[in-house]
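Read through the structure below, which is laid out as structure tokens, and then see the notes.
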Amino acid sequence: MICLFLSIFANIFQTGWTGVNERTFLAVKPDGVQRKLVGEIVQRFERKGFKLVGLKLMQASEELLREHYSELRSKPFFSGLIAYMSSGPVVAMVWQGLDVVKTARKMLGETNPADSLPGTIRGDYCVEVGRNVIHGSDSVASAQREISLWFRQNELLCWEDNCSHWIYN
Ligand code: UDP
Ligand code: MG
């Protein structure tokens, strides 16, 4: 009940979640799904200690992708990016935890896999910028925008993580 109230409040006032309730939007891209990396990627965020609050396999429409990447619409790679992202199913996810936006970006690596350190997802599993297997929100504000674009409120679950006191003190 408290969770429901807080989520409605957060939605209406666009405050988002803060502290351990911060949320980010991640998506395994079509190449990640084709290459059977979904389990490996989910496992990294689970093992880190973040909490999964939303997940779905979906074929993203071009309309959704154009909106998602609207800041990049003038870039030369934009049409190729939309074609790539709509070439097959993606796994859209919302993860929650302390500093999850920034930490998830570190776990992803750099935009270009060639600049990504081993140990990061892009450093370990891909080679080219145009096939970099995963998306992650770049700020709390972007995360809020992307979560509300990809998920309905009732697709995000508020559940008690029985491990949380082993992750946070
Ligand atoms: N991208 C590309 N060529 C480029 C830069 C970006 O194909 O030169 C693609 C790549 O898939 C990247 C996405 O566009 O992940 C979004 O770009 P952004 O700069 O937002 O990188 P990200 O936030 O994904 O690291
Ligand atoms: Mg980006």
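The values are calculated or read from the model by the stated rules, or taken from the named source; none is laboratory data. Keep in mind it's a predicted model, so treat the numbers as computed, not measured. With ideal geometry, Cβ positions are generated from the backbone for all residues, glycine too; neighbour counts draw on all protein chains shown. These accessible areas exclude ligands, DNA and RNA; they are computed on the full protein's heavy atoms, side chains included. Shrake-Rupley method; radii C 1.70, N 1.55, O 1.52, S 1.80 Å.
For TRP166, the stated conditions do not hold, so it cannot be described as within 16 Å of ligand 2 (Cβ to nearest atom), aromatic (Phe, Trp, Tyr) and out of contact with any Asp or Glu (no Cβ under 6 Å at 6 or more places or on another chain). For GLY136, are the conditions met, namely being open to solvent by less than 50 Å² (accessible area, probe 1.4 Å) and within 14 Å of ligand 2 (Cβ to nearest atom)? So GLY136 passes the test. Selection of the range 74-91 for residues being within 13 Å of ligand 2 (Cβ to nearest atom) and without any contact (Cβ under 8 Å) to a residue 12 or more places away in the chain yields LYS75, PHE78. Across the range 129-141, the number of residues qualifying as of a type in the set (Ser, Thr, Tyr) and within 9 Å of ligand 1 (Cβ to nearest atom) comes to 1. Among the residues of the range 115-126, the ones that are surrounded by 12 or more Cβ atoms within 10 Å (Cβ to Cβ), away from ligand 2 (no atom under 16 Å from the Cβ) and free of Cβ contacts under 8 Å to residues at least 40 places away in the same chain come to 2 in all.
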